[in-house]
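The values are calculated or read from the model by the stated rules, or taken from the named source; none is laboratory data. These numbers were taken from a predicted model, which means no experiment stands behind them. Here the Cβ positions follow ideal geometry from the backbone for every residue, glycine too, while neighbour counts run over all protein chains shown. The area values use the complete protein model at the heavy-atom level, side chains included, leaving out ligands, DNA and RNA. Shrake-Rupley method; radii C 1.70, N 1.55, O 1.52, S 1.80 Å.
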Amino acid sequence: MGKRYFCDYCDRSFQDNLHNRKKHLNGVQHLRAKKVWYDLFRDAAAILQEEQSKKPCRKFLQTGQCDFGSNCRFSHMTEMDLERLSAQVHALCLRNHLCFSTPLAGLQYKTFPHRFRPRLLEAGQSQPTFSGGEGYKDQRCKKGS
């Protein structure tokens, strides 16, 4: 009995030779399992961008099921799911100081990350507001889009 190859993505083993390995690695089952594995580690912003570019799946919206499952080319997210994901992406974006997606006009300084706030306010001073201009916009953070 020769060596055996174990595929972690598919959780199966087979006799290890060039023909079997090529056949397995190019097979639909392996490619799907590999995609599912890597999708577990995708960035929320990338998922949001991909889902927003897709049209909604009619069958999934009507019945709650789709024969294609995760391989469906249409979106299985509802409007509420997309809004929730968008809010999560925006919160992560602001928490990590990656971007500002709202105009600065009229915003209170305490809504900005700490590194952009003035150091100390002297007694009797009011909190400054910013007027005009827009903040840095990162392409990954688009609230409401």
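Tabulated results
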item: Subset of the stretch 1-51 (residues that are hydroxyl-bearing (Ser, Thr, Tyr) and closer than 24 Å to PHE68 by Cα); result: TYR9, TYR38
item: Complete set of residues in the stretch 58-88 that are of a type outside the set (D, E, K, R) and either open to solvent by 100 Å² or more (accessible area, probe 1.4 Å) or farther than 19 Å from ALA46 by Cα (or both); result: PHE60, LEU61, GLN62, THR63, GLY64, GLN65, CYS66, PHE68, GLY69, MET80
item: Matching residues, the stretch 56-75, being of a type outside the set (A, V, I, L, M) and either at pLDDT below 90 or in a helix (DSSP H, G or I) (or both); result: ARG58, LYS59, PHE60, GLN62, THR63, GLY64, PHE68, GLY69, SER70, ASN71, CYS72
item: Residue that is farthest from ALA91 (Cα to Cα) [pool: residues in the stretch 19-34 that are open to solvent by 90 Å² or more (accessible area, probe 1.4 Å) and in contact (Cβ under 8 Å) with a residue 12 or more places away in the chain]; result: GLN29
item: Selection count where residues are in a loop (DSSP other than H, G, I, E, B) and either of a type in the set (Gly, Ala, Ser) or open to solvent by 100 Å² or more (accessible area, probe 1.4 Å) (or both), scope the stretch 1-18; result: 5
item: Residues (in a loop (DSSP other than H, G, I, E, B) and of a type outside the set (A, V, I, L, M, F, W, C)) located in the stretch 31-48; result: ARG42, ASP43
item: Which numbered condition SER53 misses (of (1) open to solvent by less than 80 Å² (accessible area, probe 1.4 Å); (2) modelled with pLDDT of 90 or more; (3) within 30 Å of ASN96 (Cβ to Cβ)); result: (1)
